[in-house]
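Notes to accompany the following structure.
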Amino acid sequence: MAVDLVAALLVVGLAAYAVLGGADFGAGFWDLTAGGARRGARVRGLVKRSMGPVWEANHVWLIFVLVIFWTGFPEAFGTVMSTLYVPLFGAAVGIILRGAAFAVRGEAATIGEARLLGGVFALSSVLVPFFLGATVGAIASGQVPAPPGGGDPIESWTNATSLYIGVLAVGTGAYLAAVFMAADAVRAGLPDLVEAFRARALGAAVVVGALAIGGLFVLHEDARALYDGLTSGAGLAVVIGSVLAGGVTVALVWRRRFDLARFSSALAVGAIIIGLAVAESPYLLPGVLTLDDAAADNATLVVLLVGMAIGALFLVPSLILLYRLTLRGTLDSEFQPIAGTEPEAERKEGR
């Protein structure tokens, strides 16, 4: 019973990070692809405005997942880290650089510094979800061996399934961010950006849908056990639910019902994580280590669950309050376009 509860918490944490962290990274994707200084100024301004109140809180879920994983399933955690340290290190460096660049680029002393920091933020926003998705893909496709041995540090995450899920992670993040920021643009009274992100949301939905269909062929050839789990039984039911939620999102975005589309898009992406977990059950490391075999002793699991319950008494109300205030617009800052450089940097340059 304790093992199942801890595993459920792990899946919930992964799904929450895929949605909230994914949307956060997706905003950086639109920053990267916004265009030149003049054409992309308003898009970048909305990215900064939307991310400002929540970007740090969104990554609480990554810490939550890591604590659950290394405490509840220490042997599996150890072999994952010893096998997939290359993409995980890349993701960690990217998260640090991205956060630092986002926080300080408004204090850049020169235009060149501001552009460099903006580039670091935007590029990291693409590389981090790719590395994290490739890590998930490596685990899901059975590339991590049984403890205590480590697998190949390069081939383990450069197979077709890992690369596919890495690309899918980037795409779903961009899709979520476009839906979320269309709603933010409505609240900010910016009709041009409402239409810009509505178009991006619809386009991203088409791309992600095509990736999902094409991915079935990848999984069939490269990860047959995962393919079978996703196309039968409970795994198939979850996949169908994700597809239906995605369809509802497209309809809502088309009709400009962005507030409701936030929730349906989150459901569509979260269901992908749940589907992967269901398809792999009862394994934690597919084909080599089940949940029961990977779990820590019962006393450790009970203490972990109690600790998480106590922490939730403080964390969950705080997050709910933060997101409610954000959705109401209480924490909104003044909208300012970012024309390739922050206004402060321009002033320091005497422009």
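What follows is calculated from the coordinates using simple rules that are stated; it is not laboratory data. The shown structure was predicted, so the numbers you read here are calculated from the model rather than taken from an experiment. For neighbour counting, all protein chains shown are included, and Cβ atoms are generated from backbone atoms with ideal geometry for every residue, glycine included.
What's the FRET efficiency of residue 302 with residue 66 using the Cβ-Cβ distance as r and R₀ = 22 Å, to the nearest 0.05? Before the final figure, lay out each step's value.
Values: r = 20 Å, r/R0 = 0.90.
The computed FRET efficiency comes out at 0.65.
Mind checking the full-extension length gain between residue 4 and residue 217? Use 0.36 nm per residue of separation minus the Cα-Cα distance, one decimal, nm. Working shown, then result.
On the way: separation 213, 0.36 × 213 = 76.68 nm, distance 3.13 nm.
This chain segment gains 73.6 nm when fully extended.
List the residues whose amide H sits under 5 Å from the amide H of residue 284, counting only those 5 or more places along or on another chain, with H placed 1.01 Å from N in the peptide plane.
HN-HN under 5 Å from residue 284: 289, 290, 291.
Take the Cβ-Cβ distance between residue 38 and residue 210 as r, set R0 to 35 Å, and report the resulting FRET efficiency rounded to the nearest 0.05.
On the way: r = 32 Å, r/R0 = 0.90.
E between residue 38 and residue 210, to the nearest 0.05, is 0.65.
Ranked highest first by the average count of other Cβ atoms within 10 Å around their residues, in what order do 75-84, 311-320 fall? All intermediate terms of the calculation are to be shown ahead of the outcome.
Details: 75-84: 19.9, 311-320: 11.7.
Top to bottom by mean Cβ count within 10 Å: 75-84, 311-320.
Relative to the first principal axis of the alpha-carbon coordinates of the chain, what is the inclination of helix 298-328, with its axis defined by its Cα atoms, in degrees from 0 to 90 and to the nearest 10?
Between the helix axis and the principal axis of the chain, the angle is about 20 degrees.
Tell me, what ³J(HN,Hα) does each residue in region 185-192 have, in order and in whole Hz, if you take phi through Karplus 6.51 cos²θ - 1.76 cosθ + 1.60 with θ = phi - 60° and put x for Gly and Pro?
Ordered by residue, 3J(HN,Hα) equals 5, 4, 4, 7, x, 10, x, 5 Hz.
If I stretch the segment between residue 244 and residue 225 completely, what's the gain in nm (0.36 nm per residue apart, minus their alpha carbon distance), one decimal? It would help to have the intermediate numbers written out before the result.
Working: separation 19, 0.36 × 19 = 6.84 nm, distance 2.40 nm.
Length difference between fully extended and current span is 4.4 nm.
Please work out the Cα center distance from region 13-29 to region 73-147, rounded to the nearest Å.
Result: 13 Å between the Cα centres.
In a shell of Cβ-Cβ distance under 14 Å around residue 258, excluding residue 258 itself, what net charge do Lys and Arg (+1) and Asp and Glu (-1) give?
Values: positive: 187, 198, 200, 255, 256, 257, 262; negative: 184, 195, 259.
With Lys, Arg at +1 and Asp, Glu at -1, the neighbours total +4.
Determine the shape class of region 113-238: with a ≥ b ≥ c the square roots of the Cα gyration tensor eigenvalues, call it rounded for a/c under 1.5, and otherwise prolate if a/b is greater than b/c, oblate otherwise. Don't jump to the answer; show the numbers that get you there.
Values: a/c = 3.09, a/b = 1.57, b/c = 1.97.
Cα axes put region 113-238 in the oblate bin.
Taking every pair of distinct Cα atoms and averaging 1/r, then inverting, what Kirkwood hydrodynamic radius in Å comes out for region 60-124?
Hydrodynamic radius (Kirkwood, Cα pairs) of region 60-124 is 13.6 Å.
Say R0 is 30 Å: what FRET efficiency, to the nearest 0.05, do residue 331 and residue 255 get from their beta-carbon distance?
Working: r = 27 Å, r/R0 = 0.91.
It comes to 0.65.
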